[in-house]
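The values are calculated or read from the model by the stated rules, or taken from the named source; none is laboratory data. Everything numeric here is computed off the predicted structure, so don't read it as measured data. All Cβ positions, glycine included, derive from the backbone under ideal geometry; neighbour counts span all protein chains shown.
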Amino acid sequence: MEYAIGVGEKILHANNPEVCGDISAARAFGAEQAAQVRRYHESFHGYSPTALIRLNELAGELGLGEICVKDESSRFGLNAFKGLGGSYCVGRVLAERAAFSAEELTFDRLRQDDVKEAAKDLTLVTATDGNHGRGLAWTARELGIPAVVYLPKGSAVERLENIRKLGAQAEITELNYDDTVRYAAQCEKERGWVLVQDTAWEGYEKMPRWIMQGYTTMALEAAEQLGDDVPTHIFLQAGVGAMAGALTAFFADYYKEKKPTIVIVEPHEANCIYKTAAANDGEIHTVGGEMRTIMAGLSCGEPCPIGWEMLKRYAEHFISVPDFVAAKGMRILGSPVGDDVRIISGESGAVTVGLAAELMLNERLSELRREIGLGKNSRVLCISTEGDTDKENYRKIVWDGAFSG
């Protein structure tokens, strides 16, 4: 369904009429698994739960009962959540090589001599829009493992340099994101490196599943921080859909019959999850080309099949938005209402709050608002997945209203 929201602008919506009540498939990313993953993350120096911020005055301004934002900008000093996935995946790789169980995983265990011996010839490689590569570079530095990171054409130099500062070899390619992933995979084959990637394809499922499980630490934290205040709606942004799929599955398992309505959000230029949902034909649908969007972390054209499997089972709504929605979310969070806490949220981090605001304030979206079930009694949870990871662009958007993909 298409909704015109201004001159030349529109929002696209597809609903999922077949949300599954059987949560057995969600358990791979559910509460029990998340507890084991979090025990691992807790063993890292510098771990602490990120803040869950209740924006009560914003909720009143929008006509919602409550809006909460999980602010991932403080995660391990990386300004984004992605270190959770890469660090857990690398931990599992090392445990497998040294022949011990996932239940034994801790940072100190990974620094023992048998693990160092098992990892002595190991080099990690990945493709990234920025945050995943930075998280992997941090993990590699903490564990003393070489890492090589490739970024797609058009990536911000700041993101490249942040990765290099952590000791990884990194470069910007002349390829789009999905082709950069293929290039990294080819490097694995040709050079004997180990690919740590958060998207899957036939024959490559174990690593992305581990990465997705790594993301559930922040979901478990959020659920515990919310306590008895069960959200009615959770908005999740999607690139390849790995994070969105993992968290959707976690919340399905955690809340069971009280599962909130899940809303998945993407940029128009890279809306492969929306296209797959809208087609509803059992096939994965992709987006090609340069995918020019300010939401660099979501600029991915090919869905992760494991993530999509969780989304098609447990997510109710799939929405594709123009870039100004992300910019609006950045300004709202950066210029709080009344006594609300200020949140510095980057382009990919703020899009969900931007959409929630647009849905509540734009009367052209009243029909969609009703279909999603948003109103004065709604309790909304959003994840701000990143801070200002591209500070120059953040300032251009927030100060000048100037942005381009």
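Taken over segment 362-405, the criterion of being of a type in the set (A, V, I, L, M, F, W, C), touching a strand residue (DSSP E or B) at 6+ places or on another chain (Cβ under 8 Å) and either closer than 17 Å to Phe324 by Cα or modelled with pLDDT under 95 (or both) is satisfied by Leu365 alone.
May I ask you to verify whether Ala277 is part of a helix (DSSP H, G or I), on the phi < 0 side of the Ramachandran plot, at pLDDT 95 or above and out of contact with any Gly (no Cβ under 9 Å at 6 or more places or on another chain)? Yes, satisfied.
Out of segment 356-372, which residues are touching a residue at least 12 places away in the same chain (Cβ under 8 Å) and either of a type outside the set (S, T, N, Q) or outside the structural domain of Ile11 (by TED's automatic domain parsing) (or both)?
Hits for segment 356-372 are Ala356, Ala357, Glu358, Leu359, Met360, Leu361, Arg364, Leu365, Glu367, Leu368, Glu371, Ile372.
Counting only residues that are of a type outside the set (A, V, I, L, M, F, W, C) and crowded, with 24+ Cβ neighbours inside 10 Å, which one in segment 285-301 is farthest from Glu269 (Cα to Cα)? Among residues in segment 285-301 that are of a type outside the set (A, V, I, L, M, F, W, C) and crowded, with 24+ Cβ neighbours inside 10 Å, the one farthest from Glu269 (Cα to Cα) is Gly297. Checked against the criterion of being in contact with a Gly (Cβ under 7 Å, 6 or more places away or on another chain), over 22 Å from Gln169 (Cα atoms), surrounded by 17 or more Cβ atoms within 10 Å (Cβ to Cβ) and not assigned by TED's automatic domain parsing to the domain that holds Gln186, segment 75-94 has at least one qualifying residue. The set of residues in segment 135-144 being crowded, with 22+ Cβ neighbours inside 10 Å and either touching a residue at least 60 places away in the same chain (Cβ under 8 Å) or not in a helix (DSSP H, G or I) (or both) consists of Leu136, Trp138.
Taking segment 109-127 on its own, how many of its residues are β-branched (Val, Ile, Thr) and either closer than 23 Å to Tyr47 by Cα or assigned by TED's automatic domain parsing to the domain that holds Val240 (or both)? Spell out the reasoning first.
Pass one, segment 109-127, residues β-branched (Val, Ile, Thr): 115, 123, 125-126.
When the remaining residues are screened for being either closer than 23 Å to Tyr47 by Cα or assigned by TED's automatic domain parsing to the domain that holds Val240 (or both), the result is 115.
Adding up the residues that qualify gives 1.
When residues in segment 217-268 are screened for being touching a Phe, Trp or Tyr at 6+ places or on another chain (Cβ under 6 Å) and either assigned to a helix (DSSP H, G or I) or closer than 11 Å to Phe29 by Cβ (or both), 9 of them pass.
Restricting attention to segment 333-350, the residues that are under 12 Å from Gln237 (Cα atoms) and either among the charged types (D, E, K, R) or part of a loop (DSSP other than H, G, I, E, B) (or both) total 1. Selection of first residues in segment 95-122 that are among the aromatic types (Phe, Trp, Tyr) and of second residues that are loosely packed, with under 12 Cβ neighbours inside 10 Å and modelled with pLDDT under 95, restricted to Cβ pairs under 8 Å at least 6 apart or on distinct chains, gives the following pairs, ordered by first then second residue: Phe107/His45. Considering segment 43-61, and only residues there that are under 20 Å from the mean Cα position of the chain (by Cα) and either part of a helix (DSSP H, G or I) or of a type in the set (Gly, Ala, Ser) (or both), the residue that is nearest to Gly227 (Cα to Cα) turns out to be Ala51.
Flag: Ser320 does not match the condition of being part of a loop (DSSP other than H, G, I, E, B) and of a type in the set (Ser, Thr, Tyr). One residue stands out among those in segment 336-383 that are among the hydroxyl-bearing types (Ser, Thr, Tyr) and surrounded by 15 or more Cβ atoms within 10 Å (Cβ to Cβ): the one that is nearest to the chain's Cα centre (by Cα), which is Ser348.
I'd like to know if segment 373-392 contains one or more residues that are outside the structural domain of Ser155 (by TED's automatic domain parsing), in contact with a Lys or Arg (Cβ under 9 Å, 6 or more places away or on another chain), in a helix (DSSP H, G or I) and under 26 Å from Ser155 (Cβ atoms). No, every residue in segment 373-392 fails to be outside the structural domain of Ser155 (by TED's automatic domain parsing), in contact with a Lys or Arg (Cβ under 9 Å, 6 or more places away or on another chain), in a helix (DSSP H, G or I) and under 26 Å from Ser155 (Cβ atoms).
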